[in-house]
Amino acid sequence: MDEEAGYRLRQRYVLHARDTKFCADFGKTLATGGVKCRRLPARSPNLNAFAERWVRSVKSECLSHFILLGEGSLRRALKNFCEHYYGERNHQGKANQVLFPRPGPLKETRGGVRCQERLGGLLQYYHREAA
């Protein structure tokens, strides 16, 4: 989400449930950013399995380990989790590869293995430092 504008960047559609919090004003706000709202069919909780899986992952791997004090700490935790989830974590469904690796030098076969920690050591990422 774009924190300043409040809508998804480079996305054309937002799928949402039939909850009353997704009112007409919600759709109008997204429409100003060129995003179309698509309501999911009634009684279809597993229709958006990718979003459901991501929510489950962020709850179990991040949010359930902290007592968050305010919106700022929640934003920091989610920002760190997203950076780890998309840029440092190996994805088993994608041949155990990092989906969006950080730009940097080519992989070295020499040099020591270093551990980078996020969220106080809750999330760890191992990489080989340049020789």
Could you list, in sequence order, the residues of region 22-44 that are under 18 Å from GLN11 (Cα atoms), exposed (fewer than 12 other Cβ atoms within 10 Å of the Cβ) and among the polar types (S, T, N, Q)?
THR32
In region 10-34, how many residues are more than 19 Å from the chain's Cα centre (by Cα) and of a type in the set (A, V, I, L, M)?
4
Exactly one of PHE50, PHE81 is within 28 Å of GLN116 (Cα to Cα), aromatic (Phe, Trp, Tyr) and in contact with a Cys (Cβ under 7 Å, 6 or more places away or on another chain), and that one is PHE81
Just to be sure, is ARG75 closer than 16 Å to GLY121 by Cβ, in the same structural domain as ARG118 (by TED's automatic domain parsing) and charged (D, E, K, R)?
no
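Got a sec? Which of SER60, SER64 is surrounded by fewer than 10 Cβ atoms within 10 Å (Cβ to Cβ), under 25 Å from TYR85 (Cβ atoms) and among the hydroxyl-bearing types (Ser, Thr, Tyr)?
Result: SER64 is the single residue among SER60, SER64 that is surrounded by fewer than 10 Cβ atoms within 10 Å (Cβ to Cβ), under 25 Å from TYR85 (Cβ atoms) and among the hydroxyl-bearing types (Ser, Thr, Tyr).
The values are calculated or read from the model by the stated rules, or taken from the named source; none is laboratory data. The model shown is predicted, which means the values in this text are computed figures rather than measured ones. Cβ coordinates were reconstructed from backbone atoms using ideal geometry, including for glycine residues, and neighbour counts include every protein chain displayed.
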